[in-house]
1. Take the conditions in a helix (DSSP H, G or I) and of a type in the set (A, V, I, L, M, F, W, C) and apply them to residue 57. Does it pass?
2. Those residues that are in a helix (DSSP H, G or I) and either out of contact with any Phe, Trp or Tyr (no Cβ under 7 Å at 6 or more places or on another chain) or open to solvent by 50 Å² or more (accessible area, probe 1.4 Å) (or both), I need them from region 63-73; list them, please.
3. Going residue by residue through region 26-49, is there one that turns out to be assigned to a helix (DSSP H, G or I), open to solvent by 60 Å² or more (accessible area, probe 1.4 Å) and among the hydrophobic types (A, V, I, L, M, F, W, C)?
4. Go through region 1-14 and report how many residues are in a helix (DSSP H, G or I) and either open to solvent by 60 Å² or more (accessible area, probe 1.4 Å) or among the hydroxyl-bearing types (Ser, Thr, Tyr) (or both).
5. Picking from 58, 27, which residue would you name as being free of Cβ contacts under 8 Å to residues at least 24 places away in the same chain, touching a Pro at 6+ places or on another chain (Cβ under 9 Å) and among the polar types (S, T, N, Q)?
Amino acid sequence: MQALQRWSELTVREREVARLVSLGHSNKDIARQLIPPTGPRTVETHRSNIFDKLHLANSNELSRWLGLYSWLE
């Protein structure tokens, strides 16, 4: 199960960010929603790590990927 393996490579924070990115939230909005709050630049780093680890190019692909593997959430 390659999807499960890739998802498990994400940190807990990256998983949180991935869900919010897939819903179309901006980096600034995501930074405010996280507990504890963080900066938009940190969210950018998480997004980059997410795309690298899941082998995806952008948030549209992430949305489709999470839709396809919704059981991961």
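The values are calculated or read from the model by the stated rules, or taken from the named source; none is laboratory data. Not measured: the values here are computed from a predicted model. Reconstructed Cβ throughout: ideal geometry from the backbone, glycine too, with neighbour counts over all protein chains shown. Side chains included, ligands, DNA and RNA excluded: accessible areas come from the protein's heavy atoms. Shrake-Rupley method; radii C 1.70, N 1.55, O 1.52, S 1.80 Å.
1. On the way: in a helix (DSSP H, G or I): no; of a type in the set (A, V, I, L, M, F, W, C): yes.
Taking the combined requirement at face value, the residue does not satisfy it.
2. So the first thing to find is which residues in region 63-73 are in a helix (DSSP H, G or I), and the list is 63-68, 70-72.
Within region 63-73, 63, 64, 65, 66, 67, 68, 70, 71 qualify.
3. Taking every residue of region 26-49 in turn, none turns out to be assigned to a helix (DSSP H, G or I), open to solvent by 60 Å² or more (accessible area, probe 1.4 Å) and among the hydrophobic types (A, V, I, L, M, F, W, C).
4. Quick first cut of region 1-14, residues in a helix (DSSP H, G or I) only: 2-8, 12-14.
When the remaining residues are screened for being either open to solvent by 60 Å² or more (accessible area, probe 1.4 Å) or among the hydroxyl-bearing types (Ser, Thr, Tyr) (or both), the result is 2, 4-5, 8, 12.
Residues that pass the stated criteria total 5.
5. Values: 58 fails: touching a Pro at 6+ places or on another chain (Cβ under 9 Å).
So the residue among 58, 27 that is free of Cβ contacts under 8 Å to residues at least 24 places away in the same chain, touching a Pro at 6+ places or on another chain (Cβ under 9 Å) and among the polar types (S, T, N, Q) is 27.
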